[in-house]
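Okay, structure first, notes after.
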Amino acid sequence: MIDKASTCARYCAELGWSLVTIPAGSKAPKTMGWQKPEQAISTAQAATEYWTANPEHNVGLLHSASGTVALDIDNVAWTRIIFDGLGLDYDAIMAQAPRIVGRKDRGKVLFRAPRGIELSRRAISWPNPDTGKSEVVFEFRAGAVQDVLPPSIHPDTGNPYTWAGRSVWDGLPDLPAPILTMWKEWDRFRPQMFDLCPWKPTPEFSPPRKPRMGGDRASVIEGYNAAHSIHSALEQYGYKRCGKANRYLSPNSTSGLAGVVVFDDDRAYSHHASDPFDSAHTFDAFDLFAQYEHGGDVAKAVKAAGEFLGMTREAVPEYDAEAIAHGASVASMIMPSLRRSEAMADHLLSVPGVLQDAVNWFNTTAVAHQPQFAVVYALALGCTVMGRRWRTDANNYSNCYFVCIGQTGSGKEYIRKALVKTLSDCALEKLIGPSGYTAGSSVLSALLDKPAHVMVMDEFGQKLKQASARGNTNAQSTLTALMEVFGMQDGILLPQGYSKASLTKEQSERLDRHVKHPSLTVVGLSTVNDFAEAITFGDVASGFLNRFLIIETDNALPKQRVTRPLPISDRLKEWCIETAQACDPQGGLIGATDSHDLPPQPVVMDFSADALRLLDKITDAIHDYRTSNAHAALSDMKSRSREIAMRLALVIARSCGEAQISATSLQWAHDFVTHYTDRVIRLMERSMSVNDFHDTCNRTIEAIRKAGLKGATESELCRGVAKLKGMKPREREDVFRSLITDYGIAKVQREGRGRPAMAWIFPTEPD
C-alpha cells in the first residue's frame with residue numbers, strides 16, 4: 001500500500017507542487033477558499049503532518065500555484081478522432097507526459113504551464129450518437145482548478161488513482177506546441193473539432209423572428225439567441241441536465257446540486273458559487289457564448305456572433321468541409337515550429353571569457369541543473385572580486401543586484417554555497433558578506449567591516465513583504481539603504497542621523513565612521529509566489545525594482561542529480577585572485593583599498609570606439625521607448641538597464657582579458673540585461689493595465705454608491721473620479737460597459753425638472 005503522507009511530501013519537495021485537501025469519498029475540495037494559493041499545502045512537512053493525521057483524505061493538485069496544466073480526456077476514442085483530424089499524434093503526446101488514471105479509457109495528462117501566457121479552461125463536447133445528449137470529449141484545465149492525484153481513492157470505483165505514461169518524478173514536460181496553439185486559438189479550432197464529429201447533427205436555424213440586419217450590438221445578440229436555445233447552449237458548455245427539464249448542474253459544481261434554473265423566456269439563473277454566472281442576474285445563450293468562447297469579452301463575442309449570423313457589414317466567406325480540412329492540415333504543420341517569444345537565447349546561458357569556467361563548474365556540481373542560475377553565480381562572482389578596484393571611464397563600477405526566482409528545491413540555494421566555496425578557495429573570505437541585514441544601520445556596519453562584499457539573501461520575497469507592512473521600520477530602512485548603496489559606487493556612505501545621547505563614546509565614534517566607494521553585490525533568493533505577492537507597482541515607481549535583475553528560471557522542476565565535489569579550475573582561481581588584488585597603477589600597495597575610509601584607486605577600463613557607438617544606439621533606443629507613451633516608472637526601468645549593462649560589460653571585458661571594453665562585451669551584457677528587464681516590463685505592463693482598469697471601476701462604483709437613489713451622470717462621475725476623467729473616450733467606454741456587464745449597474749433617466757439626464761444607478765438602493 002502506498003503511503004499517502006510520504007507521497008504528498010514528495011509532490012511538494014521534489015516537484016514543487018501545491019496541494020489541496022479533499023474529503024474521503026469525494027473528488028472536490030470542500031474548504032472555503034481552497035482555490036487561493038495561500039490556502040494550499042506546499043511544503044513537505046505540512047503535507048506529512050496533514051495526511052498522517054488524515055490518511056483517508058484525498059489530495060488534489062492546484063494548477064495555478066503549481067505551474068501546471070492538464071489535458072483531461074473524457075473519451076479516448078473521440079479524442080483520437082479529433083487529434084487525427086488535426087494531424088496530431090495522440091500516442092506520441094501521451095508518451096511524453098505523466099498521466100493520472102481514475103477510470104478506464106479516461107485520464108488527465110499533466111504538463112508544465114507555459115511561461116508568460118495565461119490560460120483558462122476550455123472544453124469540446126460532442127453529442128452522444130445514442131442519446132443525443134452533449135458529452136465532453138476533452139478539456140484543457142488551467143488556473144484556479146484542481147485535479148485529484150494518486151494515491152487518492154476514486155469515489156465511484158473505490159480504487160486508487162494511479163500514474164501511467166512517463167514517470168512523474170522525472171518532472172513534467174513543456175506543454176506541446178500544437179496543444180498550446182489549440183488552447184490559445186480555441187475560437188478558431190473549436191469549430192473544426194466539432195466538425196470532425198462523424199455523427200454531428202445538421203444545424204437547424206429557424207428563428208421565430210427575423211433579426212434586424214446591419215450588425216448593431218443589440219440585433220446581433222438578439223439574432224444569436226434566436227438561433228441558439230438556452231438548453232442546447234448549457235449542454236454545449238458542460239452543464240448537465242438533472243431531473244426536471246429546467247434544472248442543470250454547473251460543470252464547476254462541487255455540491256452535486258442542480259443550481260441552474262432555466263425560465264420560460266429562455267433565460268437562466270445560477271446560484272452555484274463556483275459558476276461564472278453566480279450573480280444577481282439572469283443570462284442567456286449569448287452570455288454563455290461570450291463567457292466560454294471569448295473569456296467574457298462581449299465586444300469580441302458580438303463580432304464573432306455577427307460573422308456566424310451573416311450580420312456584419314462586410315461579407316463573411318463561407319468555409320466548406322474541404323477548406324476546413326485543408327486549414328487543419330496547414331495548422332498541424334506550422335504549430336510544432338512555434339516557440340515561446342520569451343525563450344532564452346543560447347548565448348546567454350554561457351559567459352564569455354574565464355568566467356565560463358565558473359558556469360561549467362556550477363553546472364557540473366549542482367544537484368539541480370539550473371543553467372540560468374549558473375550564469376548569475378558567475379556574474380555575481382565577477383562583480384564581487386572586481387568591487388571597488390575596477391571601473392569604466394564612464395565611472396561605472398561592477399556592483400550589481402540580482403533576484404533569482406524558483407520553486408522550493410529548484411536549486412537557487414546552491415548559488416550561496418557556490419559563491420562561498422569559490423571565494424574561500426581563493427582566500428577571499430573578506431568578500432563574503434552576511435546572509436542578510438536586520439536594519440539600514442546593519443548595512444553600513446557590514447560595509448564598514450567589508451567595504452566590498454557579496455550578500456546572498458534567502459526568502460527575499462518575504463523580506464519585501466515585511467518591508468511593505470506598516471510599522472516594520474527595520475525592514476523598510478534596509479531596503480532604503482540598499483537603494484542608496486546601489487548608486488553610491490563613487491560616493492561616501494554615511495550613517496543615518498539619529499540621536500547619540502544614549503550611546504557610549506565608542507558607539508558614538510563608530511556612528512561617525514563612513515564608507516568611501518562602497519561596493520555591494522546582492523543576490524536575493526525567492527519563490528515565485530512570495531515574490532509575486534510582495535512586489536507592487538510602488539516598488540517600480542520608487543526605483544527599488546529598477547536596481548535588480550530578476551531571473552526566474554525556465555527550469556521550474558529540475559531533476560535531482562547525484563554529483564561529486566570538484567575544485568574550481570586553476571585558471572578561474574588565478575583570475576579571481578589577480579582581479580581582487582588589482583592595485584593603484586601608480587604603485588599603491590595591494591590591500592590598501594580594503595579600508596572603508598580610504599578612497600580606492602581603481603584600474604580604469606575605457607570603452608572602445610565601437611563600444612561607444614553601440615552605447616549611442618542603446619541610448620537612442622531607450623529614448624524612443626521613453627517617448628512612446630510608456631509609463632514613466634517603466635521608462636525609468638528601461639533607462640536603468642543601460643547602467644546595469646555598462647557595469648556587466650566591465651565584468652565581461654575583464655573576464656575576456658580585454659584592455660578596453662569591446663563592443664562584443666557590451667553587446668552580450670546588453671542582451672542579458674534586456675532579456676530579463678523586458679520580461680519584467682511586459683509583466684508590469686499587463687499588471688498595471690488590469691489593476692488600473694479595475695481600480696477605476698471600483699472608484700466609479702463607489703461614486704455611484706455615494707450618489708444613492710438619484711444616481712450619478714457621466715459628467716458627475718468624471719468630475720468625482722480623477723482616473724475616469726483622465727481616460728481616453730474609448731477607455732472610458734470600456735469602464736461604463738463593465739459597469740453593466742460585470743457589476744449589474746443600470747443607466748436610467750433621472751427624474752426631475754429641466755432637461756432629462758441619464759444617470760448611473762444601482763438597481764436597488766445600495767446597502
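Here is how the numbers come out for the structure above:
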{"read-out": "Residue count for the stretch 702-747, restricted to those that are under 11 Å from residue 761 (Cα atoms), in contact (Cβ under 8 Å) with a residue 40 or more places away in the chain, hydrophobic (A, V, I, L, M, F, W, C) and assigned to a helix (DSSP H, G or I)", "value": "4"}
{"read-out": "Those helices (runs of 4 or more DSSP H) lying entirely in the stretch 494-610 with at least 3 residues modelled with pLDDT under 75 and within 39 Å of the chain's Cα centre (by Cα)", "value": "528-534, 537-541"}
{"read-out": "Qualifying residue in the stretch 135-155 (condition: of a type in the set (Ser, Thr, Tyr) and more than 24 Å from residue 39 (Cα to Cα))", "value": "no"}
{"read-out": "Some residue of the stretch 149-172 being closer than 13 Å to residue 71 by Cα, out of contact with any Pro (no Cβ under 9 Å at 6 or more places or on another chain) and not in a strand (DSSP E or B)", "value": "no"}
{"read-out": "All helices (runs of 4 or more DSSP H) inside the stretch 262-361 with 3 or more residues being at pLDDT 75 or above", "value": "285-294, 298-309"}
{"read-out": "Matching residues, the stretch 96-146, being within 14 Å of residue 235 (Cα to Cα) and among the aromatic types (Phe, Trp, Tyr)", "value": "126"}
{"read-out": "Test: residue in the stretch 189-199 that is modelled with pLDDT of 85 or more, surrounded by fewer than 16 Cβ atoms within 10 Å (Cβ to Cβ) and either touching a helix residue (DSSP H, G or I) at 6+ places or on another chain (Cβ under 6 Å) or over 30 Å from residue 23 (Cα atoms) (or both)", "value": "yes"}
{"read-out": "Which listed residue is closer than 30 Å to residue 296 by Cα, surrounded by 15 or more Cβ atoms within 10 Å (Cβ to Cβ) and at pLDDT below 85, from 120, 125", "value": "120"}
{"read-out": "Residues located in the stretch 381-410, provided they are surrounded by 24 or more Cβ atoms within 10 Å (Cβ to Cβ), under 29 Å from the mean Cα position of the chain (by Cα) and among the small types (Gly, Ala, Ser)", "value": "406"}
{"read-out": "Conditions (1) touching a strand residue (DSSP E or B) at 6+ places or on another chain (Cβ under 9 Å); (2) in a loop (DSSP other than H, G, I, E, B); (3) not hydrophobic (A, V, I, L, M, F, W, C): number failed by residue 135", "value": "(2)"}
{"read-out": "Residue within the stretch 226-235 that is of a type in the set (Gly, Ala, Ser), more than 28 Å from the chain's Cα centre (by Cα), modelled with pLDDT of 80 or more and closer than 19 Å to residue 124 by Cα present", "value": "yes"}
{"read-out": "Lone unmet requirement of (1) more than 17 Å from residue 63 (Cα to Cα); (2) in a helix (DSSP H, G or I); (3) out of contact with any Ser or Thr (no Cβ under 7 Å at 6 or more places or on another chain) for residue 5", "value": "(3)"}
{"read-out": "Subset of the stretch 36-60 that is among the polar types (S, T, N, Q) and touching a Gly at 6+ places or on another chain (Cβ under 9 Å) - its residue that is nearest to residue 148 (Cα to Cα)", "value": "58"}
{"read-out": "Long-range neighbours under 7 Å by Cβ, at least six apart or interchain, first residue assigned by TED's automatic domain parsing to the domain that holds residue 240 within the stretch 131-142, second surrounded by fewer than 19 Cβ atoms within 10 Å (Cβ to Cβ) and β-branched (Val, Ile, Thr)", "value": "none"}
{"read-out": "Test: residue in the stretch 112-124 that is in contact with a strand residue (DSSP E or B) (Cβ under 9 Å, 6 or more places away or on another chain), touching a residue at least 60 places away in the same chain (Cβ under 8 Å), part of a loop (DSSP other than H, G, I, E, B) and among the basic types (Lys, Arg)", "value": "yes"}
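Conditions tested, residue by residue: (1) assigned to a loop (DSSP other than H, G, I, E, B); (2) in contact with a helix residue (DSSP H, G or I) (Cβ under 7 Å, 6 or more places away or on another chain); (3) assigned by TED's automatic domain parsing to the domain that holds residue 153.
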{"site": "9", "(1), (2), (3)": "no, yes, yes"}
{"site": "20", "(1), (2), (3)": "no, no, yes"}
{"site": "25", "(1), (2), (3)": "yes, no, yes"}
{"site": "29", "(1), (2), (3)": "yes, no, yes"}
{"site": "35", "(1), (2), (3)": "yes, no, yes"}
{"site": "49", "(1), (2), (3)": "no, no, yes"}
{"site": "71", "(1), (2), (3)": "no, yes, yes"}
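The values are calculated or read from the model by the stated rules, or taken from the named source; none is laboratory data. Fair warning: this is a prediction, and the values are worked out from it, not measured in the lab. Virtual Cβ from ideal backbone geometry, glycine too; neighbours counted across all protein chains shown.
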